[in-house]
Amino acid sequence: MTASPNGLYILAGVAESIYLWEVSNGNLLAILNRHYQDLTCLCFTDDSSHFLSGAKDCLALVWNLYNVLQAEPSQIPDPRHVWSRHSLPITDLCCGFGGPLARAATASLDQTAKLWEISSGELLLSVLFDVGIMAVTLDLSEYHMFCGGMDGSIFQVDLCAWPVQRDRTFQTERENGKIFKGHRNQVTCLSVSTDGSLLLSGSHDETVRLWDIQSKQCLKTMNHKGPVTNAFIVLAPANMFNPDGKPSVPLPKFSRHLHGTESSDEPGTEGVTLRLGLHQQVLGEPGQSYLEKAERMYSQMHSTREKNLVGDQEHLTIQVSELEEEVSNLRKINKDLFDFSTRIITKPAK
């Protein structure tokens with residue numbers, strides 16, 4: 001389960017299906033069935049515009065939230081990208097900063113961790129380890145990728161290492177100074193502090209450990225009474241120690257049935273659904289809603305691939321020449337309009 005950063009939506013993986021709820025009213029908005037085996041991980045981009053799903057079918061899917069919300073209940077929207085480069089079940093996902101232009105990391109039992117670009121869907125980096133990878137995370141500046149192994153080791157991968165190689169092998173004997181050692185069983189979760197100095201890890205050895213990233217030393221060990229399944233670092237809310245700082249409005253009960261298909265005798269089903277932009281047309285573009293126009297503008301923005309200019313120089317040159325030609329035409333039109341206006345204004349009166 002995961003929540004969107006803007007607090008509006010909740011995602012849950014149940015068997016091979018993805019369930020999407022609206023927090024404010026508890027309505028079940030969508031059930032997505034595009035995976036073939038059980039879900040293992042879900043995460044949102046930092047701007048809540050996209051979400052990623054990973055499963056035991058070795059696939060990682062990138063979904064556009066706007067497309068999912070605008071789809072008719074009888075239709076299953078297509079994911080924006082289907083990443084199928086892993087050969088064994090995906091165990092973890094994490095997304096960096098940048099919204100649709102962010103990078104995402106995936107971990108798998110095939111002993112690899114991969115780094116992807118969400119905008120283009122391209123594979124940027126694949127790192128091969130000696131063990132299956134159970135957890136992955138990025139630091140805030142995305143200088144490092146941290147990967148938790150089945151043997152309890154935590155590996156630090158430098159993303160700015162030179163020379164740049166898309167396929168890399170993490171050689172334990174050579175990079176011994178980039179391994180956190182202490183857990184006695186598989187690492188299930190990883191989280192980096194906002195200042196990039198601390199790493200939190202949870203494991204099936206029933207402990208949570210806090211590490212100093214620079215020295216690789218364990219600063220604190222917290223014992224639990226069973227395997228740790230999840231742990232993460234969050235910023236403390238401002239009213240955490242305020243005794244009156246409690247939620248004033250309780251969350252509604254989350255519906256079990258898809259919104260619009262509930263039985264009429266179920267309490268709380270009556271209400272008004274407002275779907276912004278679905279039927280309001282954009283002037284000059286029949287059949288296109290505001291959300292569809294926003295998605296088109298998103299896709300145009302993504303096509304520039306601001307983070308991956310390698311190989312796009314020729315495409316960039318063509319775009320520049322087309323823009324220069326457009327500017328030239330506009331200048332000619334402007335000059336013609338100016339000359340025409342001048343003749344009308346200066347025309348002597350009869």
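Condition first: under 15 Å from the mean Cα position of the chain (by Cα) and either part of a loop (DSSP other than H, G, I, E, B) or farther than 19 Å from Ala135 by Cα (or both). Now tell me which residues in segment 24-58 satisfy that.
Once the filter is applied, which keeps residues that are under 15 Å from the mean Cα position of the chain (by Cα) and either part of a loop (DSSP other than H, G, I, E, B) or farther than 19 Å from Ala135 by Cα (or both), segment 24-58 yields Thr45, Asp46, Asp47, Ser48, Ser49, His50.
Quick check, is Lys225 more than 14 Å from Asp139 (Cα to Cα), open to solvent by 70 Å² or more (accessible area, probe 1.4 Å) and either touching a residue at least 40 places away in the same chain (Cβ under 8 Å) or in a strand (DSSP E or B) (or both)?
No.
Pairs only if they're at least six apart or on different chains, beta carbon under 6 angstrom, first in segment 1-18 and charged (D, E, K, R), second open to solvent by less than 30 Å² (accessible area, probe 1.4 Å); list them, first residue then second.
If the second residue must be open to solvent by less than 30 Å² (accessible area, probe 1.4 Å), the pairs left are Glu16/His35.
Working only within segment 228-243, note down all residues that are open to solvent by 80 Å² or more (accessible area, probe 1.4 Å) and in contact (Cβ under 8 Å) with a residue 12 or more places away in the chain.
Residues satisfying the conditions are Thr229, Asn230, Phe232, Leu235.
For segment 129-179, please list each of the strands (runs of 3 or more DSSP E) lying entirely inside it that holds at least 2 residues being open to solvent by 30 Å² or more (accessible area, probe 1.4 Å) and of a type outside the set (Val, Ile, Thr).
Per the criteria, 167-169.
For segment 68-81, what are the residues that are over 15 Å from the mean Cα position of the chain (by Cα) and over 20 Å from Thr106 (Cβ atoms)?
Correct list: Leu69, Gln70, Ala71, Glu72, Pro73, Ser74, Gln75, Ile76, Pro77.
Restricting attention to segment 63-79, which residues are aromatic (Phe, Trp, Tyr) and either part of a helix (DSSP H, G or I) or open to solvent by 30 Å² or more (accessible area, probe 1.4 Å) (or both)?
Tyr66 - this is the single residue of segment 63-79 that is aromatic (Phe, Trp, Tyr) and either part of a helix (DSSP H, G or I) or open to solvent by 30 Å² or more (accessible area, probe 1.4 Å) (or both).
Sort out which residues of segment 116-135 are within 14 Å of Trp83 (Cα to Cα) and touching an Asp or Glu at 6+ places or on another chain (Cβ under 9 Å), and write them in order of number.
Trp116, Ser119, Leu123, Leu124, Leu125, Ser126
How many residues are open to solvent by less than 30 Å² (accessible area, probe 1.4 Å) and assigned to a loop (DSSP other than H, G, I, E, B) if we restrict to segment 197-222?
Count: 2.
Taking Ser24, is it open to solvent by 60 Å² or more (accessible area, probe 1.4 Å) and closer than 27 Å to Val249 by Cα?
Yes; evaluated as a whole, the condition is true for this residue.
How many residues are among the small types (Gly, Ala, Ser) and touching an Asp or Glu at 6+ places or on another chain (Cβ under 7 Å) if we restrict to segment 136-151?
Residues meeting the conditions: 0.
Please verify whether Ser48 is open to solvent by less than 20 Å² (accessible area, probe 1.4 Å), farther than 19 Å from Gln156 by Cα and not β-branched (Val, Ile, Thr), treating the condition exactly as stated.
yes
Restricting to segment 70-81, what's the tally of residues that are farther than 16 Å from Ser17 by Cα and not small (Gly, Ala, Ser)?
4
Residues to consider are Ala15, Ala60, Ala55; find the one that is small (Gly, Ala, Ser), open to solvent by 30 Å² or more (accessible area, probe 1.4 Å) and under 22 Å from Ala107 (Cα atoms).
Step by step, each of Ala15, Ala60, Ala55 is checked, and only Ala15 is small (Gly, Ala, Ser), open to solvent by 30 Å² or more (accessible area, probe 1.4 Å) and under 22 Å from Ala107 (Cα atoms).
The values are calculated or read from the model by the stated rules, or taken from the named source; none is laboratory data. Keep in mind the model is a prediction, meaning the values are calculated, not measured. Don't worry about glycine lacking a Cβ; one is built from the backbone with ideal geometry, like all the others, and counts go over all protein chains shown. These accessible areas exclude ligands, DNA and RNA; they are computed on the full protein's heavy atoms, side chains included. Shrake-Rupley method; radii C 1.70, N 1.55, O 1.52, S 1.80 Å.
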